[in-house]
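Below: the structure, in structure tokens.
Coordinate-derived values only; no laboratory data. In this text, all values refer to a predicted model and were calculated from it rather than measured experimentally. Cβ placement follows ideal geometry from the backbone for every residue including glycine, while neighbour counts extend to all protein chains displayed.
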Amino acid sequence: MPTMPDVGLDAAHSLLGPRQAFLITARDPRDGRVNICTAGWVSGANWKPFKVSVALSKGGLTNELIRSSGEFVINVPDMDLLDEVVFCGRTSGRKLDKSRRAGLDLLPSKHVAAPYVARALARVECVVEQALEMDDHWVFVGRAVHAAARDGVFDGGYAVSRVRPVYQIVGERFCSLDGVEVRREIPVGEGWK
Ligand SMILES: Cc1cc2nc3c(=O)[nH]c(=O)nc-3n(C[C@H](O)[C@H](O)[C@H](O)COP(=O)(O)O)c2cc1C
């Protein structure tokens, strides 16, 4: 009989992983400024119409932009964007223009004002239907209003032999569907590359 030692509640979130990492884009409705942040706490929330929840920390800029604009885009990165994923997840847009610093081109979305990441594998554009205040996070439930995937990567499901979505194991430990672990740490405040 296998044993199951305690890991402690601080590690509980990592037991529910590895979690796929996404890039969330949001736009300030007042001045049009766009921000990108990395998020792994993204989950389906309703089937028809499709809704998705994203949990974002109260301290971040992205939660403020989503609360004021009522919109966001979930961009799906491939492992070739791992540096950018880590950078956008370790630096706040309060300090700098992350898309410019990371060299991530943005293109106009179809149904929301927030743009999408040009190099992403796919995107889901969302309009916020509910914002739930937690202790240190906001959970946004967005209704999908548009979904698109790059040519050749999706045929009703991802062509898994051709894509390498990013999964965070914990901290700086990442992997993709091949199960090979990659470490990538950009210390806070280090800037880009
Ligand atoms: C792989 C990864 C996943 C992350 N997932 C989340 C998440 O689901 N929710 C969250 O609030 N922050 C998450 N973060 C941290 C934010 O991306 C980070 O706090 C970021 O600096 C916020 O940027 P902003 O202030 O520009 O919004 C994650 C970071 C990484 C590297």
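For this structure, a couple of remarks:
- The range 2-24, residues that are of a type outside the set (Ser, Thr, Tyr), in a loop (DSSP other than H, G, I, E, B) and either in contact with a Cys (Cβ under 8 Å, 6 or more places away or on another chain) or at negative phi (or both): PRO2, MET4, PRO5, ASP6, VAL7, LEU16, GLY17, PRO18, ALA21
- Residues that are touching a helix residue (DSSP H, G or I) at 6+ places or on another chain (Cβ under 7 Å) and either outside any strand (DSSP E or B) or not small (Gly, Ala, Ser) (or both), drawn from the range 25-64: ARG27, ASP28, PRO29, VAL34, ASN35, ILE36, CYS37, THR38, LEU56
- The range 24-46, residues that are under 19 Å from LEU106 (Cβ atoms) and within 9 Å of the ligand (Cβ to nearest atom): ILE24, ALA26, ASN35, ILE36, CYS37, THR38, ALA39
- Qualifying residues in the range 84-112 (those that are within 11 Å of the ligand (Cβ to nearest atom), surrounded by 15 or more Cβ atoms within 10 Å (Cβ to Cβ) and among the basic types (Lys, Arg)) - the one nearest to ARG183 (Cα to Cα): ARG90
- Selection from the range 128-168 of residues that are part of a strand (DSSP E or B) and within 13 Å of the ligand (Cβ to nearest atom): HIS137, TRP138, VAL139, PHE140, PRO165, TYR167, GLN168
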